[in-house]
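What follows is a single structure, written as structure tokens, with notes after it.
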């Protein structure tokens, strides 16, 4: 390919973080720090959305923000707390759905947040170690879970008139309606820099772009068709910027037929026709199922712990409990619960827990956690607990295993010992503190980290799910609860 990138002065400042987003037949550039946007019109960048006001701007975390635009140019944003917002041209940023831990925080890296022109809805899918997906109909304003589809791990997502395509590892999946279908495979899967996924509306073609980490070879593009992946075609210049930004700063302008790259320095483009794409998308579902490791090697597992009630009254433990509190459960220290070298985690509850709803846990409210210097039997509700040790897949390797009926890694580990907490509902702070508590260690001021989850839904006295947090250096701990 002998065509070189054409450097272009847009005459606008995109700031540190920006996105190039296709909406309908237009390409938009969105500056993350204030959600100002421009539409590409030939040689010019025309103002589309004005910057939001200063009060709204402080809510934005420009590095953990995703944007999408629909066919009419309405802007949608996914914030770090899992809330989604919409903005018509000339209007303010308006809440669409509230903060939600299912979309919060961990969705900040290689997440699909795209407008689905076929379904006229937003689609949120994927992330570093997740494969769950959701749809949002702007007219209904509700988050609807999708069935299992693409595998776990980083991926790329694009919305097209055919539906939403998502590429993870060596598989290309297509979402139409509520169902995912595997429609393509390739042999370019890599761990160093990944691949970028694009859609050319004029050629009605899906293709990927990659670049070796060593830079000894230039960028290349490979088209994904119903007949498989084509041979690589060399591209001019570098794709280092889009690879680091995970596609967000490169896109094809549907109206102008140009492949754009933007960054803090400026913008550049090549004619899309220079990509040499064949016409046609991979829309035929492949018959072979997604590869699943049914029996992972032993080294993929780690020890976990489950607690089950026994029909025996617990003996008096001789542990002092202040007035108005009763001992609910003790949990032994072990390698699966790294909260100190010795002692037990003691979870306490008030005598009348249903008078405090919703339950909130801290040192002075419905629950508390103490580290003591002795090891006690496991108890709950005045009854002994059986300790049932078993193994679970390490979270790092969970994306290689079919871990749950719906394929969601964060729902797969029943014990949650050292894994991810179960979903929590509540305030923005509840979601943000799911993995790292907003409590600090009494000895070293470190943030307390999630270490275990205990659930007793069958008990009348304690009908809650308890999340135990501890200092990463083994000093002190605390807990939170969610009513069930």
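Things to note:
- Qualifying residues in segment 194-207 (those that are part of a strand (DSSP E or B) and under 22 Å from the mean Cα position of the chain (by Cα)) - the one surrounded by the fewest Cβ atoms within 10 Å (Cβ to Cβ): 197
- Filter pass, residue 19 being crowded, with 21+ Cβ neighbours inside 10 Å and in contact (Cβ under 8 Å) with a residue 60 or more places away in the chain: yes
- Among the residues of segment 155-210, the ones that are on the phi > 0 side of the Ramachandran plot and modelled with pLDDT under 90 come to 2 in all.
- Condition met for residue 55 (out of contact with any strand residue (DSSP E or B) (no Cβ under 7 Å at 6 or more places or on another chain) and within 18 Å of residue 91 (Cα to Cα)): yes
The values are calculated or read from the model by the stated rules, or taken from the named source; none is laboratory data. Since the structure is predicted, the reported quantities are computational estimates derived from the model, not experimental observations. Cβ atoms come from the backbone with ideal geometry, glycine included; neighbour counts cover every protein chain shown.
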